[in-house]
Structure formats: structure tokens, C-alpha cells
Amino acid sequence: MKLSALFLLTVLPSVAFAQSSVSGVVKDSVTGEPLANYIVTTSVKATEVRSTTDDQGHYKLSDLPPGSYRIDVDHPQSFGHTLARQITLASQDLEGIDFSFVVEGSITGKVVDENREPVPGIMVSLVSREYYLGAIGYFFPGIASETNDRGEYTLAHVKTGHPYFILAEKRNYKLAAHSEVPLNPKLRRRVPMRTWYPNVTAKEGAVALVLSPGERRDGIDIEVKKSPSYCIDGTLVSPHGAGPIDFSIEPQQPSSGSYAGGGSYVGTSSGTTSADGQFRICDLYPGTYRFTASENAQSTYIATMITITDRDLDNLKIAAMPGIPLDGEVVLDGEPPQKPVTSKLNVWLQPLLHPGLGNNARSDIPGPFSIPGLLLDEYIVHPSFNVPGLYLKDVTYGGKSVRSDVLRWGSADGGLRISLGHDGAKLSVRAIDKDGNPVADMRVLMLPAEAGSEAAVQSMLLTGATDQLGNYTSRTLAPGKYYVAAISDSFDATPESIGKIWRSRSRFKEVELAPNGTAQVSLEPVTIE
């Protein structure tokens, strides 16, 4: 007996701390050539594990305990273009986890004026048209280039297979408190307008480009349009009275901010008022602008829309306001659970259009919470919790659901209400081919039956990925009917991609999840088209 006990004491620690590795090759999806200097990452208890591919495309992630992992691959100079695989690791090394990466493309061209002369110092940006929060919008994915002295630009690391528009505009990052542009509009120089490829000022007339893998698209020239110059002037005040207050102005759609693909905050035209709060901003062309002002590291703040038509706007009075506490509560829907919930819920308010305004709070489940000094602007509500059986039912503000909508703080009476269900269900998926063999690396789509439009598909669609054994288990889901499919196709939030999912839903398998239940389903992959 003593010898057996000693044997256990010496062996058990080595079992408990068994470590394994994952390795494979990253290669070009078209040519099959290995790709060097790509970054392969995963995480262990929030700690990143990283490997860089060598000249043969090889990578190895070591010291991984048994468990489920998401392996991500991207190029260090790309923005948001990641390839991912889900794997399950036991107590042995896992080899042959290869990635076929779609090599990105590039776009080059010139920006010229109406006389075909090059225009230096123009910012050229990619723009993506996508569904987000129930509507189609135009967003910056974060790829831009400023024209050189010859008017030339290069947009590198462009995601292929994705329709992009190209926007050219002049960005004046630093504004004086009082512009010296002449008071008489007839004496002002015409200013470059936002111009969409090839030569239109309305995004509805723009032409989208779609690149093939590794394609270099040259000769994409843009003829920038010009407009009469308009000005706005006025006074900024705060609860402390008039004084130097920071301000910024930015044209809308597209603009800085979050979107389905993540978000990009571009530089805006900004300045500081004079000591008496006066400002004068010129070189504006017709359109809608977002004007913001803040004081003392955003202790006071205001965001408002200003529309320029065919004349100056004079004597504006704009007041920056202090933050206001946002009170809320977390509630459990239905009968209380038999066992009290001891975990906390974290609620984060992500600013939609301005970085740095977000705030968060922690709450008991159920229980009240308060977010102090929340500045009046637009936010997205992100509740997060990790409690078995619990799922998010709804988030309301002033009686209106903002679960898949914008919270416009200060637009309604009442607080924030986060409703949780505690009769959640789980779905287990096994992807198989026609012969019943498991299929790895399939994307699993789970669409609630109540999604009744393409816009609802984007906001309600749940996704996952099968591991190398073809298996996937969902997080806790709301009970009800779902349409479920396994696909190998890539997709995003563009209307083209969401439309394919909407049209293909008749080939999804219907699954009913009972309260507190589990369901298992085998899926042969389908094609969305």
C-alpha cells in the first residue's frame, strides 16, 4: 500500500501537467507555395501562444495543455484578414494542421483633378458596404494610402473576393480656432470633395472592385471633384462657461467607428477654440458632418450633426455636457433558479463612433448596476457572463430593445435592463460527408427561426466551427427552433454574402432546442449560393 501511494505521488503530477504541441504548414491557397513570416496564434488561459512560419511555411505551437483551441493565422501587416481553425487537443502532439491562406491583393492608381493633373496629399481609402445593426452602411476597414507628389497611391493587403469601393478625400487634420478663409464666398478657392471611384460624389454611383487571390490591380485612377467652400462659425460652451474647448468635424457615411468587421477609427479634422469659445471652420463642401466637442479630457462632451447645403452656417451655439450616470439592472426571466447564481455579469458600452468613450460595470445576477459619468453619445451594449444554462434574452433602454441596435444615451427616459434566461440549451453538431466520414473545419451556421429578413440574418446569425474530428458544441442557446447548416464557404456581412445565406436557408436542417435540453445533429455540408 505504501509503495502504491508513493507511485501515485510520483506519477500524477506528470499527468496533470502533460503538454502537447500543434504544428503544420501555411501555404498559398492557389499555388500551394509555402508562406513565410505569417503569424500563427492561439491562447492558453488568456495568454497568447505564437509562432511565425519559416521559409517552408512551417509553424509549431508548443506547451499546450489538453483542451479546445482556436488557431488563427494572419499576415503581420494585414488588417483583420484572419484564417481560423478549431481543434481539440488531447495529450499527444497534433501534426498536419495546415492552412491554405488566400493571399491578399493590391490596388494602385492616381488621383487627378478635372484637368488630369495629379493631386498630392489626398487620402485614398477602401470602403466596405455591409449590414450592421439592422441596416446597410458604408465603413472603413482600415486600409488607406495618401497620394505622393505625383498623385500616386497604393492600397496593400486588400482582402480578395470582397467587393470594395474606393474613396478619395482631403483630410485637414489640424484646424485653427478661426479659419482665415475670406468672409466673401466669391473670393474663396474651390475645395476637393469626397470622390468615389471613378469620379462621382455620391456613393450610390460608385463602382465596386473585387480582387482575385494575389491580384495587383493597376490603373485605378480617380478624378476628384471640387466644390465651393463653405464655413461654419459659432461658440462652444460648457458648464464651466466659455473657454478653450477641443472640437472635431468629420463627414459621415463612411466615418470612424465600429462595424460588423471590427471597425477603424480614422483621423479627423480637429482643433481648439479661442479663449472665448469661438470657432470658425471652412473648406467644407455640401454634406452631413458629425461635430464633436470635449473639455478636460472628455469630462464634458457633445456630439451633433451639422448639414451643409449651399451656404455658410453662422452663430451656432453648442454646449458640451458632463457625463450622466446610467443606471441599470440584470434580471432573470421566469421563476428564480433553484441554485443562486454567484458569478458576475460584465456590461461594456462600446462607443459606436468615438474611441475612448466606453465604460463598463459589473453586476450581480440578478442585481442593479450603475455606469457613472457616461457621456451623451451612441453605444453598443455588450453583456458578458459565463454561467452554464444562462443566455441573453434581451437588452432594453427606455422600453425599446437595443440588443441589436444602437443605444443613444439620453434619448429616452429609464435605465438599461438586461434580461437573462436560465433554461438554455446546447447543440452538438457532427459534420459528415455522404459516406458518414467526419469533415473538419466546417463553419456551422445557426439561424433562429424568427430571423425574417436579410438584415435579421446578419444580427441574429450564430456561428461556430468543427474541429479536426468534425465536431462542434455550441455555447448556451435560447430554446426554440433553429435552421442549422455546415458550410465550407467563407462569408461576411456584405449584402452579397448575407443574401446567399438568406436564399440558401431552405437547405438548412431544422432543429428544435427544448428548454434545458440538448440536441445532436449530423450535417452534410451545403453550399450557399
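Structural remarks
- Selection within segment 454-495 - polar (S, T, N, Q) and farther than 24 Å from PHE165 by Cβ: THR463, THR466, GLN468, ASN471, THR473, SER474, THR476, SER488
- Listed conditions (1) within 20 Å of the chain's Cα centre (by Cα); (2) modelled with pLDDT under 95; (3) not basic (Lys, Arg); (4) not in a loop (DSSP other than H, G, I, E, B) are all met by SER506, apart from (1).
- Filter result (under 25 Å from the mean Cα position of the chain (by Cα) and part of a loop (DSSP other than H, G, I, E, B)) within segment 42-98: LYS45, ALA46, HIS75, PRO76, GLN77, SER78, PHE79, GLY80, HIS81, THR82
- Residues in segment 495-523 that are surrounded by 15 or more Cβ atoms within 10 Å (Cβ to Cβ) and closer than 23 Å to SER428 by Cβ: ILE501, SER504, ARG505, PHE508, LYS509, VAL511, LEU513, ALA519, VAL521, LEU523.
- Residue-level analysis places VAL266 outside the set of residues that are in a strand (DSSP E or B) and within 28 Å of VAL406 (Cα to Cα).
- Among the candidates LEU316, LEU374, LEU352, residue that is touching a strand residue (DSSP E or B) at 6+ places or on another chain (Cβ under 6 Å), in contact (Cβ under 8 Å) with a residue 40 or more places away in the chain and either of a type in the set (Gly, Ala, Ser) or under 25 Å from TYR230 (Cβ atoms) (or both): LEU316
- Any hit, segment 238-260, residues being aromatic (Phe, Trp, Tyr) and within 16 Å of GLY142 (Cα to Cα): yes
- Residues that are within 23 Å of the chain's Cα centre (by Cα) and more than 27 Å from GLY517 (Cα to Cα) are absent from segment 417-428.
- Residue list for segment 336-393, restricted to those being part of a strand (DSSP E or B) and over 25 Å from the mean Cα position of the chain (by Cα): LYS344, SER363, ASP364, GLY367, PRO368, PHE369, SER370, PRO372, GLY373
- Failed item in (1) acidic (Asp, Glu); (2) surrounded by 19 or more Cβ atoms within 10 Å (Cβ to Cβ); (3) more than 30 Å from ILE501 (Cα to Cα), with ASP113 passing the rest: (2)
- Subset of segment 64-84 (residues that are polar (S, T, N, Q) and surrounded by 17 or more Cβ atoms within 10 Å (Cβ to Cβ)): SER78
- Looking across ALA485, ALA456, one residue alone is surrounded by fewer than 19 Cβ atoms within 10 Å (Cβ to Cβ), not assigned by TED's automatic domain parsing to the domain that holds PHE385 and not in a loop (DSSP other than H, G, I, E, B). It is ALA456.
- Only a single criterion out of (1) within 25 Å of LEU316 (Cβ to Cβ); (2) surrounded by 15 or more Cβ atoms within 10 Å (Cβ to Cβ) is not satisfied by LEU187, namely (2).
- When TRP409 is tested against (1) more than 22 Å from ILE97 (Cβ to Cβ); (2) free of Cβ contacts under 8 Å to residues at least 24 places away in the same chain, exactly one condition is not met: (2).
- Which listed residue, of GLU496, GLU529, is touching a Pro at 6+ places or on another chain (Cβ under 9 Å) and either farther than 14 Å from LEU447 by Cβ or not assigned by TED's automatic domain parsing to the domain that holds THR466 (or both): GLU496
- Hits in segment 245-263 - residues which are in contact (Cβ under 8 Å) with a residue 60 or more places away in the chain and part of a loop (DSSP other than H, G, I, E, B): ILE245, GLN253, PRO254, SER255, SER256, SER258, TYR259, ALA260, GLY261, GLY262, GLY263
Conditions tested, residue by residue: (1) within 21 Å of the chain's Cα centre (by Cα); (2) of a type outside the set (Ser, Thr, Tyr).
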{"residue": "SER401", "(1), (2)": "yes, no"}
{"residue": "ALA431", "(1), (2)": "no, yes"}
{"residue": "ASP435", "(1), (2)": "no, yes"}
{"residue": "VAL444", "(1), (2)": "yes, yes"}
{"residue": "PRO448", "(1), (2)": "no, yes"}
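- Complete set of residues in segment 394-442 that are part of a strand (DSSP E or B) and closer than 18 Å to GLY134 by Cβ: ASP394, VAL395, THR396, TYR397, LYS400, SER401, LEU407, ARG408
- Members of segment 216-227 that are surrounded by 16 or more Cβ atoms within 10 Å (Cβ to Cβ) and in a loop (DSSP other than H, G, I, E, B): ILE220, ASP221, VAL224, LYS225
- Against the conditions (1) at pLDDT 95 or above; (2) small (Gly, Ala, Ser); (3) over 25 Å from PHE385 (Cβ atoms), SER490 satisfies every one except (1).
- Which numbered condition SER370 fails, given (1) modelled with pLDDT of 95 or more; (2) out of contact with any Lys or Arg (no Cβ under 7 Å at 6 or more places or on another chain); (3) under 28 Å from THR473 (Cα atoms): (3)
The values are calculated or read from the model by the stated rules, or taken from the named source; none is laboratory data. Predicted, not measured: the structure shown is a model, and the values here were computed from it. Every residue, glycine as well, gets a Cβ built from its backbone with ideal geometry; the counts of neighbours run over all protein chains shown.
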